[in-house]
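*Asks:* My structure is below; once you've seen it, I'll send some questions.
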Amino acid sequence: MAQQVLAQLYEHATPQSLALVVLLLFLAAVRLATPRSRAEKLLSKLPSPPFRLPVIGHLHLVGPLPHRSLRDLAGQHGPDVMLLRLGAVPTVVISSPRAAKAVLRTHDHVFASRPPSAVSDVLFYGSTDVGFAPYGEYWRQARKVVTTHLLTVRKVRSSRVAREQEVRLALARVRAAAAARAAVDLSELFSCFANDVVCQAVTGRLPREQGRNKLFHDLLETNNTKLLGGFNLEEYFPSLARLSVVSSEAAKHRKRWDDLLDGLIDKHVRKTANGEHEEDFIDVLLSVQEEYSLTRDNIKAILIDMFEAGTDTTYISLDFAMAELMRNPKAMAKLQAEVRRCTGKGKEMVTEEDLSTMRYLKAVMKESMRLHPPASLMIPHFSMAECDDVEGHTIPSGIRVLLNVWALGRDPTCWESAEEFMPERFMEEAMDADSDLQGNDFRLLPFGSGRRMCPAIKFTTATFEIILANLIYHFNWELPPGTTGIGMTETYGINVYRKEKLLLVPCIAQDV
């Protein structure tokens, strides 16, 4: 990561930016000679790596896969709570279930906000979405809109027909490949499937009819890999925000979102005026706009959030789950036996009624999300007041807090054979009850916990289960000829992806 810092500084070097670097060095020297504030005194008592450099702090210790680097650093300098100086931003890293519980439940009211972010301010219209909005009255109202009107159990069930239609389209594509004995890019299939399901729920039939699904997909990819994900100088050197290095790119990208979403909203307004009503997310938001005092920009921010929450989390979880099943043939055979037994023979597709009795399918989903949580570090939290009891440490007000969910799921003191894919661990009754993905088991937090927990759990799990069950029911899967295994190398962004495409050859199952 230190190399990225230097590369970006060099790439965007201007007389002003070079002057700013000199200024930062000067300020660092001045701070060393200045009496420390209470916050600095409290921070100095937190466990922290000793190898801190001027200006960049501990950034040189953080590699291209931060969730792994931070886990290793915490093992040496934590393990529960650790302070890193990432550029100009002191950051507390939480790496144990006990400390996570302290932050997300015991002191949730203190850590429920988000740190300032120049990029999210641009992309989400002043951070007026649900994910990045600072804690306060607006956030409470925006979250209420989402949980009460968009992502309720009733709403998720009502989108069942659309999900099943998307499953049929995906199965048709896989059958064609099976007939030709050709490999299917399941990474791409899962990504498109998740995107199309969300498009249907958010905007109705308009995107598919007008070929806009791919545009939504491309916009989200830019959001997550180039702007919100990876490394942004402005996150660690807030003074650089005034130079508008990344923010200017975000502004250009938001213009593309504006053009797309404004057009869709206008069409929904016209359809409603003509007496047509689909009850998709845009219709719902327009119907409660006055009740919740939402501006058009607020609506667009919330809509982008819905795409973010519903697309990548599902796609990444499916991709890792299928990869792990192929690497573990016994687990694959066990899942196939359950899906085919619970569904019965000769069915066109596995339905959502069939899913209710598939305990091993749910265990596979949990185990995949334990080992490979899509948002490995989650969106950062932010302390709104001084908190004096986080595993014996005091966290000052105004501090950025990262929860390493990836490390929680692999903590060897909490999990037997923590690095192995073992869905059977979730078949035990006590474990199954505790690990419900609802944020009650602090070893397993793919959706977070507390006030800032992701509200899209029901939507994501319903989408995950229906497509995976159908692919397992109708097909047996093989590696392409000449392939020796499946690569699990990761790529880091706002979410963690598998780097290689998942290419598998489907064979139509003859015994179903």
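Computed from the coordinates by the stated procedures, all read-outs in this text should not be read as laboratory data. Everything numeric in this text was worked out from a predicted model, so none of it was measured. For neighbour counting, all protein chains shown are included, and Cβ atoms are generated from backbone atoms with ideal geometry for every residue, glycine included.
*Asks:* From the residues Gly409, Ile379, Trp477, which one has its Cα farthest along the dipole of the chain in the positive direction, the dipole being from +1 and -1 charges on Cβ of Lys/Arg and Asp/Glu about the Cα centre?
*Replies:* About the Cα centre, the residue reaching furthest to the positive side is Ile379.
*Asks:* How do Cys342, Cys507, Cys414 rank when sorted from fewest to most other Cβ atoms within 10 Å of their own Cβ?
*Replies:* Working: Cys342 19, Cys507 13, Cys414 16.
The most exposed by this proxy come first: Cys507, Cys414, Cys342.
*Asks:* Continuing with the same structure: Among the listed pairs Lys347/Lys501; Lys101/Lys155; Lys101/Lys366, which have their C-alpha atoms separated by more than 25 angstrom in this model?
*Replies:* Details: Lys347/Lys501 30 Å; Lys101/Lys155 30 Å; Lys101/Lys366 19 Å.
Exceeds cut-off: Lys347/Lys501; Lys101/Lys155.
*Asks:* Still on this structure, please answer the following. Measure nothing but the geometry: give the 0 to 90° angle between the long axis through the Cα atoms of 329-343 and the longest principal axis through the Cα atoms of the chain, rounded to 10°.
*Replies:* With both axes taken from Cα atoms, the answer is about 50 degrees.
*Asks:* Length gain on complete extension for the stretch Asp266 to Glu428, per 0.36 nm per residue less the alpha carbon to alpha carbon distance?
*Replies:* 53.2 nm
*Asks:* What is the list of residues in the range 61-79 whose amide nitrogen lies under 15 Å from a point 7 angstrom out from the Cα of Val89, following Cα to Cβ?
*Replies:* Within reach of a label on Val89, which here means backbone N under 15 Å from a point 7 Å along Cα→Cβ, the range 61-79 contributes 62, 66-67.
*Asks:* Give or take rounding to whole Å, what are the principal axis extents of the alpha carbon atoms in the range 53-127, in descending order?
*Replies:* Cα spread of the range 53-127 along its principal axes, largest to smallest: 40, 34, 21 Å.
*Asks:* Counting other Cβ atoms within 10 Å, keep those with at most 12, restrict to DSSP loop, and tell me which GluC sites (Glu not before Pro) in the range 274-331 are left.
*Replies:* When the GluC sites (Glu not before Pro) of the range 274-331 are filtered for loop state and at most 12 Cβ neighbours within 10 Å, Glu276, Glu279, Glu290, Glu291 remain.
*Asks:* Still on this structure, I have one more. What distance in nm separates the simple spin-label points at Glu279 and Val161, each placed 7 Å from Cα in the Cβ direction?
*Replies:* Each label point lies 7 Å from its Cα, and together they span 0.9 nm.
*Asks:* For the chain, what is the calculated [θ] at 222 nm in deg cm²/dmol (nearest 500), taking -39500 (n - 2.57) for each run of four or more DSSP H residues and dividing by its residue count? Numbers along the way, then the final one.
*Replies:* On the way: 22 runs with 258 residues, N = 512.
Roughly -15500 deg cm²/dmol at 222 nm, from the helical runs in the chain.
*Asks:* Subtract the Cα-Cα distance of Asp511 and Ser37 from 0.36 nm times their separation in residues, and report this length gain in nm to one decimal.
*Replies:* Details: separation 474, 0.36 × 474 = 170.64 nm, distance 7.14 nm.
Length difference between fully extended and current span is 163.5 nm.
*Asks:* For the range 456-512, what percent of Cα pairs sit more than 13 Å apart?
*Replies:* Working: 1148 of 1596 pairs.
When all Cα pairs of the range 456-512 are counted, 72 percent exceed 13 Å.
*Asks:* Taking the chain as the reference, fit the longest principal axis to its C-alpha atoms, fit the long axis of helix 213-222 to the helix C-alpha atoms, and give the angle between the two in degrees, 0 to 90, nearest 10.
*Replies:* Helix 213-222 sits roughly 30 degrees off the main axis of the chain.
*Asks:* For the range 52-58, in order, what is each residue's ³J(HN,Hα) by Karplus, 6.51 cos²θ - 1.76 cosθ + 1.60 with θ = phi - 60°, in whole Hz (x at glycine and Pro)?
*Replies:* Using θ = phi - 60°, the values come out as 9, 9, x, 6, 8, x, 9 Hz.
*Asks:* Using 7 Å Cα-to-Cβ label points, what is the Phe51/Asp436 separation (nm, one decimal)?
*Replies:* 4.5
*Asks:* Turning to a different aspect of this structure: Helix 296-327 versus the longest principal axis of the chain: what is the Cα-based angle in degrees, 0 to 90, to the nearest 10?
*Replies:* 70
*Asks:* For Lys252, give me every one of the lysines with a C-alpha distance below 28 angstrom, ignoring sequence neighbours fewer than eight places off in its own chain.
*Replies:* Lys214, Lys226, Lys267, Lys300, Lys499
*Asks:* Calculated from the structure, Cα Rg over 2.2 N^0.38 Å equals which of [x] 0.93; [y] 1.00; [z] 1.30?
*Replies:* Only one option fits the structure, namely [y].
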